Protein chains: 2
Amino acid sequence: MASSEPNPASQPDQAQISKSAAKKEAAKKEKERRKAEAAAAAAASAVNSLSVENDPLAANYGDVAFSDLQSKEVTGRKWTEIGSLNESLKDRMVLVRGRAQTVRAVGKKIAFVVVREKGFTVQCVVTVKPDEVSPQMVKYVNGLSRESHVDIEGVVSVPDVAIKGASQQVEIQVRKIYGVSRAVPNLPINIEDAARSEEEIQKALEAGEQLVKVNQDTRLNYRVLDLRTPANQAIFRIEFEVADFFGQFLKKEGFVGIRTPKLIAGSSEGGAAVFRLDYKGTPACLAQSPQLHKQMAINGDFGRVFEIGPVFRAEDSFTHRHLCEFTGLDVEMEIKEHYFEVTDIVGRLFVSMFDYLNEKCIKELNAVRQQYPFEDLKYLRNTLQLTYEEGIKMLQEDGMEVPPLGDLNTEAERRLGQLVFNKYGTEFFILCRYPLSVRPFYTMPCYDNPVYSNSFDVFIRGEEIISGAQRLHEPQRLTERAKACGIDVSTISTYIDSFRYGAPPHGGFGVGLERVVMLFCALNNIRKTSLYPRDPQRIAP
Amino acid sequence: MASSEPNPASQPDQAQISKSAAKKEAAKKEKERRKAEAAAAAAASAVNSLSVENDPLAANYGDVAFSDLQSKEVTGRKWTEIGSLNESLKDRMVLVRGRAQTVRAVGKKIAFVVVREKGFTVQCVVTVKPDEVSPQMVKYVNGLSRESHVDIEGVVSVPDVAIKGASQQVEIQVRKIYGVSRAVPNLPINIEDAARSEEEIQKALEAGEQLVKVNQDTRLNYRVLDLRTPANQAIFRIEFEVADFFGQFLKKEGFVGIRTPKLIAGSSEGGAAVFRLDYKGTPACLAQSPQLHKQMAINGDFGRVFEIGPVFRAEDSFTHRHLCEFTGLDVEMEIKEHYFEVTDIVGRLFVSMFDYLNEKCIKELNAVRQQYPFEDLKYLRNTLQLTYEEGIKMLQEDGMEVPPLGDLNTEAERRLGQLVFNKYGTEFFILCRYPLSVRPFYTMPCYDNPVYSNSFDVFIRGEEIISGAQRLHEPQRLTERAKACGIDVSTISTYIDSFRYGAPPHGGFGVGLERVVMLFCALNNIRKTSLYPRDPQRIAP
């Protein structure tokens, strides 16, 4: 795979090398350094090809020719993942591919490259050695731009002291190194800057040093770079585990995963917050939730269904917890007697999910914590369930004025979360029996008092993540409630008709995937848990 | 849970009862019979409440009051699933909930109700018995409309002869029966009609009997009823297993499940077939695939990713295999040397998926076969891989005129599928090295001949289900190819820029979930494998 075209190696000036060698370089000089690096890299591509041509060891390094990356050959060589490098591989020759996260030469005879793959890093050492590593190779390495991909062959060694700048506690003594893909010398954001914790920035500031802070918007503008930080690598692996656990738990409980359409005639569940479009001449919109179609799946005899899919909200909400497109985790199920059959699933599902995350995602949770420190979520074995009335009472007793039949605002939710935590020691609880007037038209009223409903919300750390309820399954009552809520029933006639063909009592709930991860890890912004977030001001990248 | 309001029972006339009892009733009389049934049901609600009031056993039957279905009480009673009823439960009292699929009285003392739950059925027998079952109860049962939900308590018995009209080979001797939810007496389509095979209709026709045939469009108009057939219950469980297997297999191979946005600025991958909409004042469209965002996730260091989510195509394709919204199963992965690393995943993934379905979904596959007979898919342990040139040669040798550098049309694909099956004995194979000109701009050309590309399609039973390729990972070449394909590169600048920050060689593929199930089961229309299909003429239900 080595290039047949010898690669011009760099001849950076001594000043640049010793500057790179300075271990604790002040961040204010970072910008100048990068400029200098870029200049060196540019120079590198023009000069000193002669020295490489004269190098008998030239085959051991250089940029891979593009044609060699076009599926030319299957060699069957074994590759090792950087995350799996450990002491058991001592003295073994390994082959890795990763990004040159940092490159640092010490004099003309040694260069260090920290190579990263999927958030894991290993320190690779290039030392001039007769018949193996030439000074030209060290120069070549020093000319590599950060974030370029390299293939490295080398021997695993175990240093006497702990390695601070890399996740793996072994080094690779490099024998061969090839550039696979070059990054531009000036990156819009630096991975080290993006990976820095607020705490580190503060500490440095107290020591008189101003480190670069990458703000949320800049991160999202260059999301592909931002995603490479250990915290982001971990967040989206945790998010995958949450979604996967959700599906696997429900499958074991007899649920069928379904796919409902996102293109809907009319106006979904009503309201202004829909994205409208033209569907082959028919007015249509994007589904605000799979609500109506998952209920129809119940009327279609599937018994218990779930869906993991995108939901669309055109709301102008500029908060830390609203997105215009997010992932809905939706459940709908027949109930035999009581909607507590639904809250029972909610409780068991989430308690076992939290257990699973705490047990199986230790590495990932630690990577998040490294940049965004947080306390473990406190939750009970048996999920606490309070009534709305009890919640209102707790708030009133705490001196808060809350309308007994209105909805809870963000402040009231947070306060209630705190009161519940103080009293019961849990940050995860269910609040049930909401006033009917604050719930959607398809919600089942309580049998004993139609002012309340068979509905519930679920909270993590004082923020709502789940809404659920028993649904009205009787077409006449459903029609009346829809009308009372100002919905044009002609737009939902297929849905209402589906209840005329025999409809079982049923209930369900919906969860926002990004919110679960955000709140489990106590992150401050939902944009941190959406791969490419969409909000009223952002539809890119 | 029994109603406190006694329910008026029916007094159908003798003619109607004996008519119902006629076991092989001609379908042309079906309509009249249903009319009569409806009339009887209507009459039932008006007359003879007196007889129920005089019945000391009246508590054993009747419609459940609505308030009793509003989560009034948690009794802790044990429910049995109809699909789990078998001889081991002989003489045991069970409690089931299901739909009255058919109701048939024999005289005034016996009624049979076939009760269905999730596609499984059991015959329930109501026989007048002193101190247990009154004649009024038989009348009540006979007045139940088809597809109504009922709760039944009774004793399991094992008849001497095989039961033909139900899936479970036991009966329930009914002690108590309560109506939970009434279906309208005249359903737009009959489940028995919707469940009938073409073969059965043909056979009856040959015997001079015309059975009702429900056409595809009518099925979709009343999808909630159509979904209740055993074949549809099975199809969507198989579809869930396919999607689930896909995710679980890839998870074991180190892939991360991701969620890319469906709302895209600009025009997705270009072309006219996009749904456009206004996004807060910005022109936007619905993603035609997660292509660009999954590649950006690779440039964001996730190594191996997959996504299961909706994709949107505004094409005017009125075929048996195109939908305007379907479920994409998408994969993208770094490759070390060759795109055969991708086809290797494809082969292993699908062979093990087919094995899994054949082993774990026997019941479901049989239910599909009952209505839509099909032969098992033939596939090899090691997936056959041919080049496009080899495919063209086979077609030409068979006398077909095919342009050597054009795309294969539907007819050519089918013919090739047949030729491959004749020669290699497989209905599942990979065709690789397609002409570059028929592939998207981001496809990697072959190293040895840029007329061809590092791409592939995969076929099941002569129809394409998967497209995949190595991608161009070098920004300059990518830009040139995009321009050459007439794409306005300014609309995909973030995507192209993502390759400037270092991009590993990578490849991937996309599969249509609905097509996999359609072709595995040799179904004739993709609308049969989409829960609520969307095509150019349909956006409902």
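Only one residue in B:Y501, B:Y532 is within 7 Å of another protein chain (Cβ to nearest Cβ), touching a strand residue (DSSP E or B) at 6+ places or on another chain (Cβ under 7 Å) and in contact (Cβ under 8 Å) with a residue 60 or more places away in the chain. Which one? Break it down into steps so the answer makes sense when it comes.
On the way: B:Y532 fails: touching a strand residue (DSSP E or B) at 6+ places or on another chain (Cβ under 7 Å).
After ruling out the rest, the residue left standing is B:Y501.
Looking at segment B:277-295, is at least one residue among the small types (G, A, S), crowded, with 23+ Cβ neighbours inside 10 Å and within 29 Å of A:L95 (Cβ to Cβ)?
no
If you go through segment B:367-386 one residue at a time, do you hit one that is on the phi > 0 side of the Ramachandran plot and not charged (D, E, K, R)?
The answer is no, given that none of the residues of segment B:367-386 is on the phi > 0 side of the Ramachandran plot and not charged (D, E, K, R).
Give the number of residues within segment A:451-466 that are within 14 Å of another protein chain (Cβ to nearest Cβ) and buried (at least 19 other Cβ atoms within 10 Å of the Cβ).
Of the residues in segment A:451-466, 5 are within 14 Å of another protein chain (Cβ to nearest Cβ) and buried (at least 19 other Cβ atoms within 10 Å of the Cβ).
Please name all residue pairs, on different chains or six or more residues apart, with Cβ atoms under 6 Å, provided the first residue is in segment A:307-323 and is over 14 Å from A:Q288 (Cα atoms) and the second residue is β-branched (V, I, T) and outside any strand (DSSP E or B).
The qualifying pairs are A:R321/A:I526.
Could you tell me whether any residue of segment B:210-223 is among the charged types (D, E, K, R), in contact with a helix residue (DSSP H, G or I) (Cβ under 7 Å, 6 or more places away or on another chain) and under 26 Å from A:E239 (Cβ atoms)?
Checked against the condition, which is being among the charged types (D, E, K, R), in contact with a helix residue (DSSP H, G or I) (Cβ under 7 Å, 6 or more places away or on another chain) and under 26 Å from A:E239 (Cβ atoms), segment B:210-223 yields no hits at all.
Identify, from the list A:R175, A:R219, A:R146, the residue that is in a loop (DSSP other than H, G, I, E, B) and either charged (D, E, K, R) or surrounded by fewer than 17 Cβ atoms within 10 Å (Cβ to Cβ) (or both).
Going through A:R175, A:R219, A:R146 in turn, just one is in a loop (DSSP other than H, G, I, E, B) and either charged (D, E, K, R) or surrounded by fewer than 17 Cβ atoms within 10 Å (Cβ to Cβ) (or both): A:R146.
When you check A:A111 against the structure, is it without any contact (Cβ under 8 Å) to a residue 60 or more places away in the chain and of a type in the set (G, A, S), yes or no?
For A:A111, the condition - without any contact (Cβ under 8 Å) to a residue 60 or more places away in the chain and of a type in the set (G, A, S) - is met.
Within segment B:188-202, work out how many residues are part of a loop (DSSP other than H, G, I, E, B) and farther than 21 Å from B:N524 by Cβ.
Narrowing segment B:188-202 to residues part of a loop (DSSP other than H, G, I, E, B): B:188-190, B:195-197.
Still in the running and farther than 21 Å from B:N524 by Cβ: B:188, B:190.
Selection size over segment B:188-202: 2.
Among the residues of segment A:195-215, is any facing chain B (nearest Cβ under 9 Å) and among the basic types (K, R)?
First, the residues of segment A:195-215 that are facing chain B (nearest Cβ under 9 Å): none.
No: zero hits.
Please indicate, with yes or no, whether at least one residue in segment B:124-137 is closer than 23 Å to A:G502 by Cα and within 14 Å of another protein chain (Cβ to nearest Cβ).
no
Taking only pairs six or more apart or across chains, which ones have beta-carbon atoms under 8 Å, a first residue in segment B:275-303 that is closer than 13 Å to B:Y495 by Cβ, and a second residue that is of a type in the set (A, V, I, L, M) and in a helix (DSSP H, G or I)?
B:L292/B:I492; B:M296/A:V224; B:N299/A:V224; B:G300/A:V224; B:G300/A:L225
Going by what's in this entry, would B:V517 be described as farther than 30 Å from B:T282 by Cβ and more than 8 Å from chain A (Cβ to nearest Cβ)?
yes
Only one residue in B:V115, B:V96 is touching a Gly at 6+ places or on another chain (Cβ under 6 Å) and either surrounded by 14 or more Cβ atoms within 10 Å (Cβ to Cβ) or under 15 Å from B:K139 (Cα atoms) (or both), so which one is that?
One residue alone meets the criteria, B:V115.
Listed residues A:R515, A:R439, A:R477; which is under 22 Å from A:P310 (Cβ atoms) and assigned by the TED database to the domain that holds A:Y424?
Answer to the selection: A:R515.
Name the residue that is surrounded by the fewest Cβ atoms within 10 Å (Cβ to Cβ), counting only residues in segment A:467-486 that are closer than 21 Å to A:D407 by Cα and within 12 Å of chain B (Cβ to nearest Cβ).
Of everything passing the filter in segment A:467-486, A:A469 is surrounded by the fewest Cβ atoms within 10 Å (Cβ to Cβ).
How many residues does segment B:314-325 hold that are farther than 14 Å from B:V511 by Cα and either more than 10 Å from every other protein chain (Cβ to nearest Cβ) or surrounded by fewer than 16 Cβ atoms within 10 Å (Cβ to Cβ) (or both)?
Of the residues in that region, 6 qualify.
Here is a list: A:G254, A:G270. Which entry is more than 7 Å from chain B (Cβ to nearest Cβ), surrounded by fewer than 24 Cβ atoms within 10 Å (Cβ to Cβ), modelled with pLDDT of 95 or more and assigned to a loop (DSSP other than H, G, I, E, B)?
Values: A:G270 fails: modelled with pLDDT of 95 or more.
None of the other options fit; the residue is A:G254.
Would you mind finding the one in B:L187, B:L205 that is closer than 25 Å to A:R471 by Cα and either surrounded by fewer than 21 Cβ atoms within 10 Å (Cβ to Cβ) or not charged (D, E, K, R) (or both)?
When all the criteria are applied, what remains is B:L187.
The values are calculated or read from the model by the stated rules, or taken from the named source; none is laboratory data. Worth saying up front: this structure is predicted, and the values here are computed from it rather than measured. Cβ atoms come from the backbone with ideal geometry, glycine included; neighbour counts cover every protein chain shown.
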